[in-house]
1. Along the positive direction of the dipole of the chain (beta-carbon charges: Lys, Arg +1; Asp, Glu -1; about the Cα centre), which of VAL125, ASN20, HIS83 reaches farthest?
2. Based on the Cβ-Cβ distance from GLU17 to THR134, what FRET efficiency comes out when R0 is 30 Å, to the nearest 0.05?
3. Given R₀ = 35 Å, what would the calculated FRET efficiency be for GLU61 paired with THR122, taking r from the Cβ atoms and rounding to 0.05?
4. If R0 is 30 Å, what FRET efficiency do you get for GLU141 and GLU78 from their C-beta distance, rounded to 0.05?
5. Counting only DSSP beta bridges with both residues in the chain, tell me the antiparallel percent, nearest 5.
6. Within the chain, which is the longest segment containing none of the trypsin sites (Lys or Arg not before Pro) that sit in a DSSP loop and have at most 16 other Cβ atoms within 10 Å?
7. Rounded to the nearest 20 Debye, what is the dipole magnitude of the stretch 86-155 about its Cα centre when Lys and Arg each give +1 and Asp and Glu each give -1 at the C-beta?
8. What is the set of long-range amide H partners of LEU6 at a cut-off below 5 Å, with H atoms built 1.01 Å from backbone N?
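Rule-based calculations on the coordinates, nothing more; no lab input. Note that the coordinates shown come from a computational prediction; the quantities given were computed from them, not determined experimentally. Methodologically, a virtual Cβ is constructed for each residue, glycine included, from the backbone with ideal geometry; neighbour enumeration extends over all protein chains shown.
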Amino acid sequence: MAKIRLTPDGFERLKAELDNLIHVRRQEVAERIRQAREEAHGDSGDSTAYEDAKTELAILEQRIAELERTLAEVEVVEDSGVHATVTLGAKVVMRDADGEEETYVVVDHAEADPRLGRISMTSPVGQALLDHRTGDEVTVETPAGPRKLTIVSVT
């Protein structure tokens with residue numbers, strides 16, 4: 001299995017999420033299961049709240065296992081802060097054809113979250129940007145057709 005490359009920030013975020021799931025969320029869900037069982041007077045077979053809490057616990061345990069597997073395969077990549085081209089850890093400002101600018105940090109898939117300005121280097125946009133420089137124009141294939149982006153800066 002290939003190593004998952006994370007920035008130090010991404011590694012710390014995943015560790016914090018795992019810690020929260022194990023030490024906070026797991027106990028909260030266990031308490032909901034206990035309360036639902038009590039409300040059903042020991043007959044948990046007819047309790048929707050009980051079944052919902054059990055399902056939530058199963059999903060939670062899956063996420064914990066996923067994070068543990070991910071963190072076991074991590075290679076933390078130190079960011080030099082200097083990027084001549086778009087690489088892992090680079091902060092990229094790009095402008096689309098309408099003049100709208102977007103800023104993203106290029107990361108591995110395990111820490112990608114576009115809402116937080118973190119795009120995967122394996123995403124269509126990430127792949128199109130890799131190894132390009134400030135001033136380069138790239139074309140990204142999207143379901144709506146090609147999208148042209150100009151790299152305004154790479155840091």
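1. It is HIS83, whose Cα lies furthest towards the positive end.
2. After rounding, the FRET efficiency stands at 0.35.
3. Computed FRET efficiency for GLU61 and THR122 comes out at 0.80.
4. After rounding to 0.05, the efficiency reads 0.40.
5. 75 percent
6. Longest gap between qualifying sites, sites excluded: 4-132.
7. Dipole of the stretch 86-155, to the nearest 20 debye: 80 debye.
8. Correct list: GLU75, VAL76, VAL77.
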